[in-house]
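Let me begin by presenting the structure, written as structure tokens, before commenting on it.
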Amino acid sequence: QVQLVESGGGLVQPGESLRLSCAASGIRFSAYAMNWYRQAPAKQRELVASITSGGSTNYADSVKGRFTISRDNAKNTVYLQMNSLKPDDTAVYYCNARYLMSGYWGQGTQVTVSS
């Protein structure tokens, strides 16, 4: 079965960095566009960053210049490097895999930015 397993979340202070990982299994990973979403308390889930199967990337305006999405097809893993973290980045971060009409979600990892 398909599994997307996120890791790397935690509690950090403003200005610090975290790297999230999402390991995929059960899919032909290289064919999928991979996305990171986040959902803060009482807010809608929002798209943070995307990377296509070809490696093209896109970012939400709120994270441009601070976050970097990348993928390692040999490891079936997508990453989200998050620098200069702010309290507003506090949320549960979800990995999403998408290919044509297929889509899968991970269980989420909590990121808390607080002093």
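The values are calculated or read from the model by the stated rules, or taken from the named source; none is laboratory data. Treat the numbers as computed from the prediction; the structure is a model and nothing was measured. Positions of Cβ are backbone-derived with ideal geometry, glycine not excepted, and every protein chain shown enters the neighbour counts. Surface accessibility is based on the protein's heavy atoms, side chains included, excluding ligands, DNA and RNA. Shrake-Rupley method; radii C 1.70, N 1.55, O 1.52, S 1.80 Å.
General remarks:
- The range 1-97, accessible surface, carbon-and-sulfur percent (1.4 angstrom probe): 45 percent
- Taken per residue, the accessible surface of the chain reaches 53 Å², heavy atoms only and a 1.4 Å probe.
- Straight-distance candidates among the lysines for linking to Lys64, with alpha-carbon spacing under 23 Å and chain neighbours fewer than 8 residues away dropped: Lys43, Lys86.
- Distance between the range 94-115 and the range 7-77 - C-alpha centres, whole angstrom: 7 Å
- About the Cα centre, charge dipole magnitude for the chain (Lys/Arg +1, Asp/Glu -1 at Cβ), debye: 200 debye
- Cubic angstrom per residue, convex hull over Cα atoms of the range 1-50: 116 Å³
- All Cα-Cα distances of the range 59-101, cut into 10 Å bins from zero to the largest, leave 21, 50, 26, 3 percent in each bin in turn.
- Computed with the Debye formula from one identical point scatterer per Cα of the chain, without solvent, the log10 of I(q)/I(0) at q = 0.10, 0.13, 0.19 Å⁻¹ comes to -0.26, -0.44, -0.93.
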